[in-house]
1. State the percentage of accessible surface on segment 1-84 attributable to carbon and sulfur atoms; use a 1.4 Å probe and exclude ligands, DNA and RNA.
2. Based on the Cβ-Cβ distance from Val196 to His458, what FRET efficiency comes out when R0 is 56 Å, to the nearest 0.05?
3. Using all C-alpha to C-alpha distances in segment 363-404, build P(r) with 10 Å bins and read off the rounded percent in each one.
4. Please identify the chymotrypsin sites (Phe, Trp or Tyr not before Pro) of segment 201-299 that satisfy two criteria: DSSP loop assignment and at most 13 other Cβ atoms within 10 Å. Which are they?
5. Evaluate the Debye formula for the chain with equal point scatterers sitting on the alpha carbons, no solvent, and hand back log10 of I(q)/I(0) at q = 0.06, 0.09, 0.11, 0.13 Å⁻¹, in q order, two decimals.
6. Quick check for you: with a 1.4 Å probe and neighbouring chains kept, what is the accessible area per residue of segment 236-279, in Å²?
7. From the helices alone, meaning DSSP H stretches of at least four residues, give me the mean residue ellipticity at 222 nm for the chain, per-run term -39500 (n - 2.57), in deg cm²/dmol to the nearest 500.
8. Which of rounded, prolate or oblate describes segment 274-334 when judged by the alpha-carbon gyration tensor and an a/c cut-off of 1.5?
Amino acid sequence: MSIFPRIALKPEVHDYLRNVFINKEVLAAVSQGEAEQRFQMLLSCLSHPPALTCVRASTHLAPLEEIQQRLGEELKQQQRCDSQSEDISITILPHPHIPDVLLLPVIGPRPVVQLSSEVIVGAQCGSAVLRGAHVFAPGILATPKFMKTGDAVSVFSDLEGKCTRGNKDFKGKRVFVGNGVAEMDRSNIFCSDEPVKGVGIRMVEPLYQSPSFDGVLPSLAFLQNLPSVVVGHVLGPRPGERILDMCAAPGGKTCHIAALMGGQGEVVALDKIIGKVERIRQNAKALHLDCIKAHCFNSIKAVCTDQAQDTEGPPFPPQSFDRVLLDAPCSGLGQRPSMACTWNLKEICSYQPLQRKLFHTAVQLLKKGGILVYSTCTVTLAENEGQVVWALNTFPCLTLQPQEPHIGAEGMLGAGLSPEQLRLLQRFSPELGWSAAEARGEDDSPTEQPESPIPLAHRANKDTIGFFIAKFLKS
């Protein structure tokens, strides 16, 4: 159900994306009206949160059923301790096809009455609130002049990034995300000599109801978008292998790979920012995964030609790894919810050359007979199917492979790939599910009584972030 305006894009970006979704190959397969509807539904669904929260369970530490039970108990205890929050029933269901995924329906949009006192938060903070988070103090941009701890406030997300920190009465474009209670005075948020930390607004009536996972079973339950979990399974890591995660921060996919190996083997994780590398190490420690070796290193430079190089750390000799995951830096135009994108076209197009440099490194470091998985969280052709065409032409040693599981849609028309090649790709296209619901004129939002597991899983597979996966074999 659409309640927010379509994602706000700069005109040049809007036209660029429209041309992607209404290209000649698409128009040869469907009508102009159908292609236009898909594009408009994409813009609508990107500004709304997915209908389900996905939790990856640490099944290397405990059975899924035990984690499911303990998670339910923890969330109910959290609810009892937060006396100001509403008493909402919590449903947790296993995904029928992904053995380490639990699904929690998101209830919303809900009839929440706006209050007179307004707090403005940044777009990233607002997106987190729509997915179950409280408002942390660094994300707060504006509050009432005399806001005190305990005040009831309505929380709004800044749509255009124009609200300056410390504002008292912002009148720019914003959207309502729910009501909360201030945990800090205004002076503590904006007048502190040290960086402010902690929860600034505790959400008690969010527009979309989803549990907060802050501190909940940190070693057993990991919040992760469903397509990101699918990537680890598609890579297919096996115990004893040596695997490279080239752009690993914050470490969710790295830890999943290590868990699928049962901690047996080695997972090398690279990122060029030391703070992000520390985050990877923290996640690995929390999940008891000792086989992860995280290094602060630029993956583009991760190949050395000196065969005598110590292979314990980067750079590495060619053909050092059994499998390589290239979850590439990208324009991120598949992230949800995202109510506005302030990037220009030049910024969006800057990722394609970087992705190709990383691809060259990935192919060099992969052993013959090894598997390379390429993924992004964007919806453009140039960064997805276009890169597959380029890779197949540039590296004759690479061939596309079937993916398991394959719960998304096939690849998108427009890059010149054959129907057989498109079927081997996996594109998570949330607008396809939205189009069907809107065409029926139905309110497709979850209710207090969730559906049975099969329809729920069907929705979970479709109502995701925008995501792309390609799997290659090196011969």
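The values are calculated or read from the model by the stated rules, or taken from the named source; none is laboratory data. Everything numeric in this text was worked out from a predicted model, so none of it was measured. As a convention, Cβ positions derive from the backbone with ideal geometry for all residues, glycine included, and neighbour counts pool all protein chains shown. We work out accessible area using only protein heavy atoms, side chains counted, and drop any ligands, DNA or RNA first. Shrake-Rupley method; radii C 1.70, N 1.55, O 1.52, S 1.80 Å.
1. For segment 1-84, the apolar C and S fraction of the accessible surface comes to 50 percent.
2. The formula returns an efficiency of 0.85 here.
3. All Cα pairs considered, the percentages come to 25, 55, 21, 0.
4. The qualifying sites: there are none.
5. Relative scattering, expressed as log10 I(q)/I(0), comes to -0.27, -0.63, -0.96, -1.32.
6. Per residue, segment 236-279 has 36 Å² of solvent-accessible surface.
7. -9500 deg cm²/dmol
8. It is oblate, given that a/c is not under 1.5 and a/b is not larger than b/c.
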